[in-house]
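Have a look at the structure below before the remarks.
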Amino acid sequence: MSEKMQAALLTHYGQVTPLIKTVPVPTLRVTDVLVKIRAASLNPIDLKTMAGGLKFLLPYRMPLILGSDFAGEIVAVGNQVTQFRVGDAVYGRPRKSRIGTFAEYLAVDAADIALKPRNLTFNEAAAIPLVGLTSYQALHDILRVKHGQKVLIQAGAGGIGTIAIQLATYLGAQVATTTSPKNFALVRSLGADRVIDYHNEDFATALTDYDAVFDTLGGKSLEQAFSVVKRGGQVVSISGLPNVRFAKAYGLPLWKQGVLGIATHRLTRLERQSGVAYHFLFMAPSGEELALLAALITAGKLRPVIDRTFQFRDLDQALVYSKRGHARGKVIVELP
């Protein structure tokens with residue numbers, strides 16, 4: 001194996017496209033594995049990172065290798081790793097302080113990966129980790145969705161939505177979602193019971209007495225979510241602002257807690273008035289939960305939805321395509 005690799009570097013916030021450069025292969029820590037990446041997927045967090053939109057929570061040092069999830073093969077293991085070996089096909093989402101999947105190799109903590117589902121290709125497996133963990137942690141860990149409950153999942157044809165609908169259906173929920181008419185057949189095939197054309201119908205007036213909303217849009221859509229959930233229900237968002245509860249749990253300094261308290265005062269008021277709990281979700285990597293998702297995929301309960309695949313050399317085109325926000329499912333980057 002060469003000691004050099006190709007990687008997509010961000011040198012400063014606001015950079016239009018990352019630059020593919022030759023850099024050293026990362027060094028292994030004792031609990032790491034070194035993975036030859038076969039495929040990675042694009043996620044909104046990549047675009048937000050490039051724009052500097054996450055500096056408040058994740059102040060990265062530059063240069064930074066982009067990319068948040070992957071599938072590939074292990075080529076080396078740290079001397080404290082016992083659960084994986086060279087040659088294993090794995091998939092994962094590295095912890096936020098160690099992203100860098102738009103590269104030929106990645107050093108990742110063994111606790112953040114799982115064996116690749118046997119019935120998926122590397123490209124298909126790369127579509128799962130970030131959106132799968134986000135959906136599982138929202139629906140299972142936070143909302144604790146139960147059989148017969150009614151759940152609204154925003155933007156059902158997107159990367160998160162296509163997995164979240166399947167998971168909520170597996171958990172026994174009645175699922176409503178928003179999308180455009182061209183995606184009605186797709187979201188219904190994934191398990192959606194009630195499909196709302198967001199161009200012509202307002203979900204806030206069409207739906208009522210729901211147990212939970214999984215918000216992926218933020219802004220006005222997040223605020224309207226409180227009106228469709230019954231008292232005692234919950235709203236979880238990955239696109240809204242973090243509130244003070246999150247800030248304290250995340251260990252942010254007091255001044256940042258204060259800033260977020262002011263910024264989310266409207267959401268706090270909506271919580272109080274509606275009797276609906278608000279949660280901000282910043283997904284955490286988990287090899288254990290990836291193994292659970294792999295079991296569901298192998299059993300035919302979940303399937304990835306891939307919109308387009310780009311070659312690594314065309315990463316800039318993939319990011320432009322992803323930024324348009326119209327992908328059905330995931331956008332994949334295939335590495336040589």
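The values are calculated or read from the model by the stated rules, or taken from the named source; none is laboratory data. Since we're looking at a predicted model, the values are computed, not measured. Reconstructed Cβ throughout: ideal geometry from the backbone, glycine too, with neighbour counts over all protein chains shown.
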Hey, among Thr162, Thr121, Thr169, which residue is outside the structural domain of Asp209 (by TED's automatic domain parsing), at negative phi and of a type in the set (Ser, Thr, Tyr)?
Thr121
Residue satisfying all of: in segment 1-36; more than 22 Å from Tyr321 (Cβ to Cβ) and polar (S, T, N, Q); farthest from the chain's Cα centre (by Cα) among these
Ser2
Reported set for segment 76-99 where residues are more than 19 Å from Lys330 (Cβ to Cβ), buried (at least 16 other Cβ atoms within 10 Å of the Cβ) and modelled with pLDDT of 95 or more is Ala76, Val77, Gly78, Val81, Phe84, Asp88, Arg98
Out of all the residues in segment 69-77, is one or more within 14 Å of the chain's Cα centre (by Cα) and over 28 Å from Tyr13 (Cβ atoms)?
no
Hey, could you check segment 65-75 for residues that are over 19 Å from Met283 (Cβ atoms) and either free of Cβ contacts under 8 Å to residues at least 60 places away in the same chain or out of contact with any Leu (no Cβ under 7 Å at 6 or more places or on another chain) (or both) and say which is surrounded by the most Cβ atoms within 10 Å (Cβ to Cβ)?
Gly72
I'm trying to understand the selection: among the residues of segment 58-84, which are in contact with a helix residue (DSSP H, G or I) (Cβ under 8 Å, 6 or more places away or on another chain) and over 25 Å from Tyr250 (Cβ atoms)?
Ala71, Gly72, Val77, Gly78, Val81, Gln83, Phe84
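Residue-by-condition table, conditions (1) in a loop (DSSP other than H, G, I, E, B); (2) out of contact with any helix residue (DSSP H, G or I) (no Cβ under 7 Å at 6 or more places or on another chain); (3) among the aromatic types (Phe, Trp, Tyr):
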{"position": "Val86", "(1), (2), (3)": "yes, yes, no"}
{"position": "Tyr91", "(1), (2), (3)": "no, no, yes"}
{"position": "Gly100", "(1), (2), (3)": "yes, yes, no"}
{"position": "Asn123", "(1), (2), (3)": "no, yes, no"}
{"position": "Ser135", "(1), (2), (3)": "no, no, no"}
{"position": "Leu139", "(1), (2), (3)": "no, no, no"}
{"position": "Arg144", "(1), (2), (3)": "yes, yes, no"}
So is Pro26 touching a Phe, Trp or Tyr at 6+ places or on another chain (Cβ under 7 Å), under 17 Å from Leu335 (Cβ atoms) and part of a loop (DSSP other than H, G, I, E, B) or not?
yes
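Residue by residue, here is whether (1) at pLDDT 95 or above; (2) crowded, with 19+ Cβ neighbours inside 10 Å holds:
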site: Tyr250; (1), (2): no, no
site: Ile262; (1), (2): no, no
site: Ala295; (1), (2): yes, no
site: Lys301; (1), (2): yes, no
site: Ser322; (1), (2): no, yes
site: Gly325; (1), (2): no, no
site: Val331; (1), (2): yes, yes
site: Leu335; (1), (2): yes, yes
Whether any residue in segment 131-151 is assigned by TED's automatic domain parsing to the domain that holds Gly233, surrounded by 19 or more Cβ atoms within 10 Å (Cβ to Cβ), aromatic (Phe, Trp, Tyr) and touching a residue at least 40 places away in the same chain (Cβ under 8 Å) is what I want to check.
yes
Of the residues that sit in segment 37-52 and are within 17 Å of Ala126 (Cα to Cα) and in a loop (DSSP other than H, G, I, E, B), which one is farthest from the chain's Cα centre (by Cα)?
Leu42
Let me confirm something: among Ala247, Ala295, Ala318, Ala291, which residue is in a helix (DSSP H, G or I), closer than 22 Å to Pro94 by Cα, of a type in the set (A, V, I, L, M) and in the same structural domain as Lys146 (by TED's automatic domain parsing)?
Ala247
Taking the criterion of being out of contact with any Leu (no Cβ under 6 Å at 6 or more places or on another chain), on the phi > 0 side of the Ramachandran plot and surrounded by fewer than 21 Cβ atoms within 10 Å (Cβ to Cβ), would at least one residue in segment 45-58 satisfy it?
yes
